[in-house]
Each structure stands twice: as C-alpha cells, then as structure tokens.
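Visitor: Got a structure for you, questions after.
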Amino acid sequence: MKAEIHPKNYRPVVFKDMSNGTTFLSRSTAHTNETIVFEGDGQEYPVIKLEISNTSHPFYTGKNVLVDTAGRIDKFKKRYEKKAK
C-alpha cells in the first residue's frame, strides 16, 4: 500500500435518498454547501442528496420498480425498436 495517498479530510456527512426520504450518517470527503439536522443525534451535518440508495433500489428491496429519470427508459426502447425492425 502506498503511503500518503488517502485523503485526510474525512468528515461526518448525512446522505439523503430523495426518492423515499431516508437518511444515514457516514464519513465522506465529498463537498456540499447544504446542511441538515440528523434525526439520530440532533446535530447539524453537511448533506449529500442521492437519487437512489439501498433503501430504494429494486435489488435490495425485492420490489420490481423502475426508477425512470429524464425518460431514459423510453429513449432506450425507441433506440432499439428501430434496430429490431
């Protein structure tokens, strides 16, 4: 393992799943200007918003729900319908 290659500015950050509103506290070096009060301990932390996490992803939940952002599924179907014809 190489020495001095890992960042030293890890800090506690709240990650918020925007699809279902769940939050969890972890450490990260990601930059954000927004903050949130974490329900677990009542302290204010920087927040990073996620589109999907393990609490909403179909693989982890067992539910077959498609998360379509910006019509990507429709674009995919249209693209491959042309090639099948």
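Visitor: Order of L50, L25 from fewest to most other C-beta atoms within 10 Å?
Guide: In increasing order of surrounding Cβ atoms, one gets L25, L50.
Visitor: Leaving out same-chain residues fewer than 8 places away, which lysines sit with a Cα under 28 Å from that of K77?
Guide: Correct list for K77: K63, K85.
Visitor: Starting from the Cα of K16, draw a straight line to each of the aspartates and glutamates and keep only those under 19 Å, dropping any in the same chain fewer than 8 residues away.
Guide: Leaving aside aspartates and glutamates fewer than 8 places away in the same chain, those within reach of K16 are E34, E39, D41, E44, E51, D68.
Visitor: Would you pull out the residues with amide H under 5 Å of V13's amide H, same chain only if 5 or more places away, H placed 1.01 Å from N?
Guide: Close amide H contacts, sequence-distant or interchain: S26, R27, S28.
Just so you know, all these numbers are worked out from the coordinates, no wet-lab data involved. Here the structure is a predicted model, which means the values were calculated and not measured. Note: ideal-geometry Cβ built from the backbone for every residue, glycine included; neighbour counts use all protein chains shown.
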